[in-house]
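For reference, the structure discussed in these notes is given below.
No value in this document is a laboratory result; all are computed from the given coordinates. Source: prediction; values computed, not measured. For neighbour counting, all protein chains shown are included, and Cβ atoms are generated from backbone atoms with ideal geometry for every residue, glycine included.
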Amino acid sequence: MVKVVGKKEVTESIKLTPASAPSPEQGKIYFDSTSNKLKVSTDGTTFTEIPSPPNPSQGDILYYDGTNWVKLPAGTSGQYLKTQGEGANPTWADVDAGLSILSYNRTRVETTSTNWTTLHTHTFTPNTNRIIVFAWVSMALYDGLTSSDELDGHFDISCNGTSYFTNWTVGSQDWPEQYLQVKGFAGSATNRARTPIIFLMEIYEAGTHYTKGNSTTIEIKGRNHSSQTVEVCCLRSIVLGG
C-alpha cells in the first residue's frame, strides 16, 4: 500500500505487492491479490477498481457491465454507440439508411367474392427496424344499383398472417378489419357507382411484428360484403423499410 499525503514528487518507480483488501481510507491504493486489479478508495468507505483493460487500442471505450469495467472495442466506420437501457450493455449499431423500397406491386387485382381474397402479396427479407405498407384500393358496382343499395367492401393488411388493425365501431357494429362503405347512387342513369381511390397505411415494428433477417410476407386482402356483385380491388401497393 502506498499513501501519499500532500504534494509529493516520485522520481522512482513504485511496485505494489498483491495483498488482501485493507481497511478503506480516502486516497488508499492497493493491488488486489484476488482479482489482480488495482483499486482505489475515493470515498473512504469502499474500494473501486481502476479500469485497466488489456491490449487497449485507439477508439476503444470503457463501460461498466455491472461487475467490472470492460472494454468495448472500436466499431466500424459510420456506426454509432447505442445504449440498450438500464441493466444492459452498450453496443455499436449501424445507422438506418432512411426509407428504401422493399417491394411494390403495380398490378390491378380485383375480386367479387364474399370470401377474403388476397389481392397483393409482398414477400421479402427485411433488415430494417420498421416496415411501412401503403395500398391504394377502390370498389365498383357496374350494373343493377338501386337507390336503396350500398357498395360494401372490406380491406385488410396482414404481416406474416396476422392482422394488427384495431377493432373500431361503425354504428352498433365492431369491425376487425379496415372497413369501407359507400351508399347507392340513386338516380344514376347507368346504375353504376365507384368509390374514390382510398389510401390505406400500416406500420410494423421489428421484434414485435417480424424478425429482421427472416422472410416476411405482407398481404393485402379484400372481400365483397354486399348483396350485389361489387368489385373490390387493389390498384397499387408498396412496402418501405426504414
Per-residue Cβ contact counts at 10 Å, fewest first, order Glu205, Glu49 as Glu205, Glu49
Between the modelled labels at Arg194 and Gln84 (7 Å from Cα along Cα→Cβ) the distance in nm is 5.3
Note, segment 118-125: 3J(HN,Hα) by Karplus (6.51, -1.76, 1.60, θ = phi - 60°), whole Hz, Gly/Pro = x, goes 6, 9, 10, 10, 10, 10, 7, 10
Within segment 33-60, the residues whose backbone N lies under 14 Å from a label point placed 7 Å from the Cα of Trp92 along the Cα-to-Cβ direction are 57-60
Ranked from fewest to most other Cβ atoms within 10 Å of their own Cβ, Phe155, Phe47, Phe31 fall in the order Phe31, Phe47, Phe155
Listing Ser52, Ser77, Ser41 by rising number of other beta-carbon atoms within 10 angstrom, fewest first, gives Ser77, Ser52, Ser41
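Using only alpha carbon pairs under 8 Å that are at least six residues apart, calculate the relative contact order of segment 64-105 and give it in whole percent.
Across segment 64-105, relative contact order equals 31 percent.
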